[in-house]
RNA sequence: GCCGGGUUGGCGGAAUCGGUAGACGCGAUGGUCUCAAACACCAUUGUUCGAAAGGACAUGUGGGUUCAAGUCCCACACCCGGCACCA
């Protein structure tokens, strides 16, 4: 039995009135469905605002995490509605992806069945949760009407040279039987299923994100302050810019020199050997015939090792001599060339100059293979480590032409680069950690890549007016992973005439990463049903960039980086007049339980639907919002939905106690209560702008307490100020507890919807206090409090303070040396 | 290791301009109501000394600046998150 169903019982002399939450929810849902108060207008009559929640993946019903994000985002949306903006608050589903496919295999169904059932379930839950969506915007990325335009985007990037195919060693998830983007490999494991990722040599499609590396970095300056710092930091780390030099090393038996990237060109004199990534083509190329067998054995070993093992802590260095030598351009000395797995094939040039004196990894390798170590930076006296990577003066660094001995690291770097450039053996350069975005997937439930492979014409893009390339009708076992895309088995679908020559050709059988779908969906929302174009340039100009984006921090790198890339690419192609998609970002924390993330395996899950059934939508939303600052994790075990329910009932009771008529002007109302009301309005406005929603709730609670007191023991229920307070509570509360707010609004004699009642304006005269508390300190310790007028002058305040008996006692017989007066707030007496 | 963020009552958190630390809520304790319990409502609630008046101590630790520090500066400890054989 929950509080929802408390009936007034005759045995109680005066039972507290409570309301039937379930009936109230049902009542207003019907009314709102008719009123459709959150439908976007877009007629230019009002200023526009675009609020976007990261759209959900339809993995079942909504869970606690959804409950939190959407409640938080709705505060902002509803605040904007109250302010009279024309708000775009769309809804949709990121509905392509692996779980649907895995469910379909298990059940022998089409992935669409599971997907669209879940979407319907979530849609109904959203509706009941009272989120202020404009339902007419609804889209699903798995609809052909949507993925048609995802394919269009692919083709535009292809035309611009930003989508290309290459063969390289890629991350392979043996469990999901598909390749993964770099961003989807976490700690050497598949982000989705946790399997150890291995490498495979495959020809795959990529988007050229690296072309934008510098801009992705630079444009973050404009987001500082509007995006959380840690998100910007994560992106910066991910892009990983480093400054250094390319240096060319002649290698015996080879015409072309081998170039390496180094961030420490100043240590070039200390380079005593040379290492090539074992799995880079260069290693095989350089290998001398005599070392071929040894190299082949080693490479086989490396290929077998997963990333998890490869990166494990304290693993000793391995490698194999390739039987050739490189020449150090500074010292002329011969450096043996090794293949090793501690050098990465796809970072820099896949080859390094090894400077064991200044790099611990090189030091470890040198010790393992008994190679010479030369220090080129003087460590401090006290230094006891091995490789020295700190600041110091250059040593052992001169030849006939260049002498950098005695220079600091920075000076030595620039001198060396200048020398390399002058002699044509190297140049200063910038290198990025960021790799191109691998977008091919060997799975079914995603947008087919709109390319045809023709034996004569090569890769030919599908004409834009031939889109969408619709998925063939596969289901159940047809979808089981077999290492090649399930699309390949749809033989009729694959066969297609070449768009160029008309000859027999084959469709590309891979689908796109689902992150492609979500990299542009925010552009679709202003015109979600346009069947002539992906997005309307003019509508996007009106609405975008998104004013406020809300979602989980787990997308801090992947989705946000990809969206930023796509925005910049479309900008360069002339479609967009902005370069950053999301002007402001709020990342909400995780909902946990008893200190841990909720999960089935831990058995600590809390079901959103059950909580709502028990306490009602408003109490749950309020609990989420009141729990703490939006970006902090919240722990359900620390919270009290029962307390939230108690509060909404208390607020509701207020609306029933008001006896003045609707429309009563508050002017003659009780001034003390009016002051509290208007201070609440002023503070709430500021707090919402600062995203401190939890404090807004606290302030409304205070206002409710004040109004309660006024009714019971103050000015009484008929005072106009009580009505003003109750109406203010209803409006502010409508951002968090829409059902209670609507019910209050109705009981106060108004027509729905309270959501559009209009944000109240604080009256300045009611914000000034006529009495303030002045703190009197002696030696910085509070000894007295005085009620004074806010415009009291300093001499009188000082006089009052020094006359206070507690102050006199605290001063005692000590001489007063100084009195600091900051009227009207504080007086501090310095003695002794 | 590098980068970012944090550490405030029994708990979640306020105090974002250097000026009353602990708003608001949870929990707890006492009371009202009840045969009783639950619910609800009222009161108290940082620790400590004191009968009280009043005092002392308190924002991770140690220093510093200041009339005044949770807030500013320096060092340290611990926690959380990200990146990491990235040359």
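Bear in mind that the values in this text are calculations on the coordinates, not laboratory data. Keep in mind it's a predicted model, so treat the numbers as computed, not measured. So basically every Cβ, Gly included, is an ideal-geometry build from the backbone, and we count neighbours across all protein chains shown.
Numbers for the structure displayed
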item: Extension gain from residue A:818 to residue A:408, taking 0.36 nm per residue of separation minus the Cα-Cα distance; result: 142.3 nm
item: Sorted by Cβ density within 10 Å, fewest first, the residues A:190, A:774; result: A:190, A:774
item: Order of A:623, A:331 under a 10 Å beta carbon neighbour criterion, fewest first; result: A:331, A:623
item: Spread of Cα-to-Cα distances over 10 Å intervals beginning at zero, given as percent, for chain A; result: 2, 10, 16, 18, 16, 14, 11, 7, 4, 1, 0
item: Cβ-based exposure ranking for A:531, A:670, in which fewest neighbours within 10 Å come first; result: A:531, A:670
item: Bins of 5 Å, starting at 0 and running to the largest distance - Cα pair percent for the range A:320-471; result: 2, 7, 11, 14, 15, 12, 8, 5, 5, 6, 7, 6, 3, 1, 0
item: Modelled label reach - residue A:433, point 7 Å along Cα→Cβ, the range A:548-574 residues with backbone N closer than 14 Å; result: A:557-558
item: Extension reserve of the residue A:127-residue A:316 stretch, reckoned as 0.36 nm per residue once the Cα distance is removed; result: 62.3 nm
item: Where labels lie 7 Å past Cα in the beta-carbon direction, separation of residue A:177 and residue A:360 in nm; result: 4.3 nm
item: Relative packing of peptides A:598-611, A:465-478 - highest average C-beta neighbours within 10 Å first; result: A:465-478, A:598-611
item: Highest average packing first - A:168-175, A:498-505, Cβ atoms within 10 Å; result: A:168-175, A:498-505
item: Theoretical gain in end-to-end length, residue A:825 to residue A:803 [0.36 nm per residue, Cα-Cα removed]; result: 6.2 nm
item: Distance from the range A:595-636 to the range A:363-393 (C-alpha centre basis), Å; result: 53 Å
item: Rough spin-label spacing in nm, given labels placed 7 Å along Cα→Cβ, for residue A:344 and residue A:386; result: 2.1 nm
item: FRET efficiency for residue A:631 and residue A:793, using Cβ-Cβ distance with R0 set to 60 Å, rounded to 0.05; result: 0.85
item: Whole-Å distance, taken between Cα centres, linking the range A:758-785 and the range A:682-723; result: 17 Å
item: Scaled radius of gyration (Cα, divided by 2.2 N^0.38 Å) that the range A:622-664 gives; result: 1.66
item: Nitroxide proxy distance, nm - points 7 Å out along Cα→Cβ at residue A:242 and residue A:334; result: 3.0 nm
item: FRET E, pair residue A:138, residue A:601, Förster distance 41 Å, beta-carbon r, rounded to 0.05; result: 0.75
item: Cβ-derived FRET efficiency at R0 41 Å, residue A:501 paired with residue A:230, nearest 0.05; result: 0.20
item: Relative packing of peptides A:196-202, A:415-421 - highest average C-beta neighbours within 10 Å first; result: A:415-421, A:196-202
item: Estimated 222 nm signal from helices in chain A, with DSSP H stretches of n ≥ 4 weighted -39500 (n - 2.57), rounded to 500; result: -11000 deg cm²/dmol
